[in-house]
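The values are calculated or read from the model by the stated rules, or taken from the named source; none is laboratory data. Model, not experiment: these values are computed from the prediction. When we count neighbours, we look across all protein chains shown, and the Cβ atoms used for this are built from the backbone with ideal geometry, even at glycine.
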């Protein structure tokens, strides 16, 4: 019987809004998305008052959910800081580790050895219920929006942008399997396979961001475009790669299908 992600999501996912309230949840998400941020940058990104951002950051600092450091700029006025998520803040974001453990346990109990391809196939199967194919549907924008929304529901937090010509970028700023992927990239390949199959009739390219230790940082991007389009997805990918490099991240060479 095909396993779905419904059960592990309800078990593993933390609803940030219900735990922290809307303002603090949005601040944490922006820190997860963008890394080190000042009060001014957060206020501009979230379109809320600096005083609101500062008040919430001070409370989350006291609760151990964020860390701060001087921004290195000297001048008059109050000290200025850059804020980032603490390990406790990161732990509030959803994970799917118990799902992966159950899938691997089922395979180990079968009493047979499995190839890498079989392992990826087994882990990828539930993702097909998250990113339904809709192959041949001309509404590519609707398909991308639906897939991104379903990924959000299971903790793969995304931002989607569109460019002229039905070119879409789905940026993943939190992967619920990031710690597992750091030890075993096969889990990432399973998710990628599910996404690639859902958009098998169009051009899909992928790039990922690595941390200072060279392991997956839980952030990546998918570039999706109609097959007849030329250049745009690669150009978008190059821009994102350049942005990651400017922030000190390491980006895999673009691009290619799932290994």
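Only residues that are in contact (Cβ under 8 Å) with a residue 12 or more places away in the chain and either more than 22 Å from residue 155 (Cα to Cα) or in the same structural domain as residue 221 (by TED's automatic domain parsing) (or both) were counted across region 43-60, and they come to 7.
With a requirement of 2 or more residues that are surrounded by fewer than 21 Cβ atoms within 10 Å (Cβ to Cβ) and modelled with pLDDT of 75 or more, the helices (runs of 4 or more DSSP H) lying completely within region 177-256 that satisfy it span 186-198. Can you name every residue in region 55-70 that is surrounded by 17 or more Cβ atoms within 10 Å (Cβ to Cβ) and assigned to a helix (DSSP H, G or I)? The answer is 56, 57, 60. Restricting the first member to region 133-152 and to residues that are outside the structural domain of residue 218 (by TED's automatic domain parsing), and the second to residues that are in a loop (DSSP other than H, G, I, E, B) and surrounded by 15 or more Cβ atoms within 10 Å (Cβ to Cβ), no beta-carbon pair is closer than 6 Å while six or more apart or on different chains.
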